[in-house]
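Below is one structure, written out as structure tokens; the observations come after it.
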Amino acid sequence: MSTHSHDIEEGLSFQPKFDAAGLVTCVATDAATGDVLMVAHMNDEALRKTIATGEAWYFSRSRNALWRKGETSGQTQRVVEMRADCDQDAVWIRVEQVGAACHTGRKSCFYRRVEADGGSAKLVFVEAERLFDPGAVYKK
């Protein structure tokens, strides 16, 4: 193991490893239940703002823009704890979620289970109740 790898994996210096697009993957879970709420991405600015404000900030790849969770919907995330994985190319945030985490209006973005279906797979809705109407919230 190189000294650099050892520093990243065993040291106490936060040195996030951004991908070629300048992003790091972020997994958000509910601090109270442990449920996985969403997976998103953070650029350097989103990561810094999240640490500084205690609110979840992300980088939208589809909009190519920084955004604070809940700025449009009111469905905010207060960060309780942030952790980095072993090689610092992903972060995990435990959050207090207000309302729904998913832009579809559901509590979690993981509202469909993958099931075997013969030689292929299919999706089945689970915990798919909408907490808000996205059409009413995300008006263009």
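Read-outs throughout are calculated quantities, based only on the coordinates presented, and are distinct from any laboratory measurement. Here the structure is a predicted model, which means the values were calculated and not measured. Virtual Cβ from ideal backbone geometry, glycine too; neighbours counted across all protein chains shown.
Key figures
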{"read-out": "GNM result for the chain, Cα springs below 10 Å: residue of 56, 20, 100 fluctuating most strongly", "value": "20"}
{"read-out": "Charge dipole (debye, nearest 20) of the range 1-73; +1 at Cβ of Lys and Arg, -1 at Cβ of Asp and Glu", "value": "360 debye"}
{"read-out": "Cα lying deepest toward the dipole's positive end in the range 8-75, options 65, 8, 34, charges on Cβ", "value": "65"}
{"read-out": "Cα point-scatterer Debye curve for the chain, base-10 log of I(q)/I(0) at q = 0.15, 0.19 Å⁻¹", "value": "-0.82, -1.13"}
{"read-out": "Ranked list, fewest to most other Cβ atoms within 10 Å of each Cβ, for 55, 10", "value": "10, 55"}
{"read-out": "Taking 13, 73 and counting other C-beta atoms within 10 Å, the order from fewest to most", "value": "13, 73"}
